[in-house]
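Enquirer: Below you'll find the structure I mean.
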Amino acid sequence: REVAPGAVHVPGWLDLDAQRRLVVACRGWARGPVPMRRTELPGGGRMSVSTVCLGWHWSPYRYTRTAVDVNDAPVAPVPAWLADLGRRAVAAAYPDPRAADGYDPDTVLINFYTGDARMGMHQDKDERTDAPIVSLSVGDACTFRFGNPRNRGRPYTDVRLESGDLFVFGGPSRFAYHGVPRVFPSTGDRRTGLPGGRLNLTMRTTGLDA
Ligand code: MD3
Ligand code: FE
């Protein structure tokens, strides 16, 4: 379903086994080499969402190879199987059979939401390319708010994202404001291996040198 030009929601794209494999892999990455943590903001606050990164480390508002605001360790690489999943995701979302050609995300941000975590409306503009962003959700459902490229407010569209859903944001949607105003506790399928909370992976192409 195309929510806006270039923004495509594919409900239930990941089967239970694929979700389970992501949960197991993310458990490992959450432990190290860089522990998953709530990112500290320049104003002194802390995000309510916990994050760990692959390939490049994101901290407000840049990408580095080491976790400069955590333990300074080099981040784990993006495994080939995950980049491949990203390519298949782009191919599944866009009808053009060549849409995924050359798609090679070099960073993945893994976000974990407890029941009271939120993500305010923002744009993702620390990447230097306009390659699509792939988003995969596992666990509790949430309200995802997809806005416009001009400001944090209306017009926006609220979409419920469920475990297994894929969302791809490319073209004119790539620089739209977006956020997660609420998570619905205990709505996830425990068979994924997640006893609670919401896991989201976003695959991106930084455009920084290899
Ligand atoms: C639309 N994450 O990590 S994923 C983020 O569910 C982020 O954790 C949310 O926003 C989450 O930056 C939303 C969907 C998403 C990700 C990136 C986008 C939507 C986007 C970039 C541009 C437009
Ligand atoms: Fe974002």
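The values are calculated or read from the model by the stated rules, or taken from the named source; none is laboratory data. This structure is a prediction, so every number in the text was calculated from the model and none was measured. Positions of Cβ are generated from backbone atoms using ideal geometry, with glycine treated the same way; all protein chains shown enter the neighbour counts. For the accessible areas, the whole protein counts, side chains as well, though only heavy atoms, and no ligand, DNA or RNA atoms are used. Shrake-Rupley method; radii C 1.70, N 1.55, O 1.52, S 1.80 Å.
Enquirer: Which fully enclosed strands (runs of 3 or more DSSP E) of segment 1-71 have 3 or more residues being surrounded by 12 or more Cβ atoms within 10 Å (Cβ to Cβ) and among the hydrophobic types (A, V, I, L, M, F, W, C)?
Expert: Once the strands (runs of 3 or more DSSP E) in segment 1-71 are filtered for at least 3 residues that are surrounded by 12 or more Cβ atoms within 10 Å (Cβ to Cβ) and among the hydrophobic types (A, V, I, L, M, F, W, C), what remains is 7-10, 46-54.
Enquirer: GLY171: farther than 14 Å from MET119 by Cβ, of a type in the set (Gly, Ala, Ser) and touching a strand residue (DSSP E or B) at 6+ places or on another chain (Cβ under 7 Å), yes or no?
Expert: Against the criterion (farther than 14 Å from MET119 by Cβ, of a type in the set (Gly, Ala, Ser) and touching a strand residue (DSSP E or B) at 6+ places or on another chain (Cβ under 7 Å)), GLY171 does not qualify.
Enquirer: Is it the case that segment 118-130 has a residue that's open to solvent by 30 Å² or more (accessible area, probe 1.4 Å) and without any contact (Cβ under 8 Å) to a residue 24 or more places away in the chain?
Expert: Taking every residue of segment 118-130 in turn, none turns out to be open to solvent by 30 Å² or more (accessible area, probe 1.4 Å) and without any contact (Cβ under 8 Å) to a residue 24 or more places away in the chain.
Enquirer: Read through the list (1) open to solvent by less than 20 Å² (accessible area, probe 1.4 Å); (2) touching a Phe, Trp or Tyr at 6+ places or on another chain (Cβ under 8 Å), then give the number of the only condition that ARG174 fails.
Expert: Unmet for ARG174, out of (1) open to solvent by less than 20 Å² (accessible area, probe 1.4 Å); (2) touching a Phe, Trp or Tyr at 6+ places or on another chain (Cβ under 8 Å): (2).
Enquirer: Still on this structure: What residue, among those in segment 178-191 that are of a type outside the set (D, E, K, R) and open to solvent by 30 Å² or more (accessible area, probe 1.4 Å), is nearest to ligand 1 (Cβ to nearest atom)?
Expert: Taking segment 178-191 and keeping what is of a type outside the set (D, E, K, R), we get 178-181, 183-188.
If we keep only those that are open to solvent by 30 Å² or more (accessible area, probe 1.4 Å) as well, we get 178, 181, 184-187.
Values: HIS178: 4, PRO181: 11, PHE184: 13, PRO185: 16, SER186: 18, THR187: 15 Å.
Result: HIS178.
Okay, residues lined up against (1) among the acidic types (Asp, Glu); (2) over 26 Å from GLY12 (Cβ atoms); (3) within 11 Å of ligand 1 (Cβ to nearest atom):
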site: ARG88; (1), (2), (3): no, no, no
site: PRO95; (1), (2), (3): no, no, no
site: ASP101; (1), (2), (3): yes, no, no
site: ILE110; (1), (2), (3): no, no, yes
site: ASP126; (1), (2), (3): yes, yes, yes
site: THR143; (1), (2), (3): no, no, yes
site: GLY147; (1), (2), (3): no, no, yes
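Enquirer: How about segment 196-210: which of its residues are in contact with a strand residue (DSSP E or B) (Cβ under 9 Å, 6 or more places away or on another chain) and over 24 Å from ALA93 (Cβ atoms)?
Expert: GLY196, GLY197, LEU208
Enquirer: Separate question: Considering segment 87-113 alone, what residues qualify as being over 13 Å from the mean Cα position of the chain (by Cα) and either open to solvent by 60 Å² or more (accessible area, probe 1.4 Å) or within 16 Å of ligand 2 (Cβ to nearest atom) (or both)?
Expert: ARG87, ARG88, PRO95, ASP96, PRO97, ARG98, ASP101, GLY102, ASP104
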